[in-house]
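Written out below as structure tokens is the structure these notes cover.
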Amino acid sequence: MKNDKFVFLWSQIVELVKLECEGLNIIREQPGDLRIETLEGRPFVTIRIQRRHVGVYLLPLYYHQHLITKYIDELRKGKTTLYFTQNTDVDEVEIRNLIQNCRTMIGRY
């Protein structure tokens, strides 16, 4: 883990994502590092604590950019990475909707 001060934020995001990823394969779950794959073994989401942020790497966004809302776009760095910092207000509804929408794209990326 690169920065202990992000543990609470990481835990908050992980809790939301895991609720929406029920039935998918958790490949790695360690403090500061969660990786979930589809049942076919394709990467779905990784959530990691970095030095200056919590990164959420959501592979379906690479192929399905139409799923990105204004809130998500403000968090986005690159095509598939969302950056959360200590000052980020986590919109639980937006995150849950994004994960649900990305799940509908499984098998299409």
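Summary table below
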| read-out | value |
| --- | --- |
| Alpha-carbon gyration tensor eigenvalues x 5, square-rooted, for region 4-55, Å | 20, 11, 8 |
| Sequence-distant lysines (8 or more away, or on other chains) whose Cα lies within less than 20 Å of Lys77 | Lys2 |
| Listed residues Asp73, Asp33, Asp91, most fluctuating in the chain (Gaussian network, C-alpha, under 10 Å) | Asp91 |
| GluC sites (Glu not before Pro), loop per DSSP, at most 16 other Cβ atoms within 10 Å - longest free stretch of the chain | 41-109 |
| Cα-based Rg of region 4-103 normalised by 2.2 N^0.38 Å, two decimals | 0.98 |
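Every read-out reported here was derived from the displayed coordinates using simple, explicitly stated rules and does not represent laboratory data. In this text the structure is predicted, and so the values were computed from the model without any measurement. As a convention, Cβ positions derive from the backbone with ideal geometry for all residues, glycine included, and neighbour counts pool all protein chains shown.
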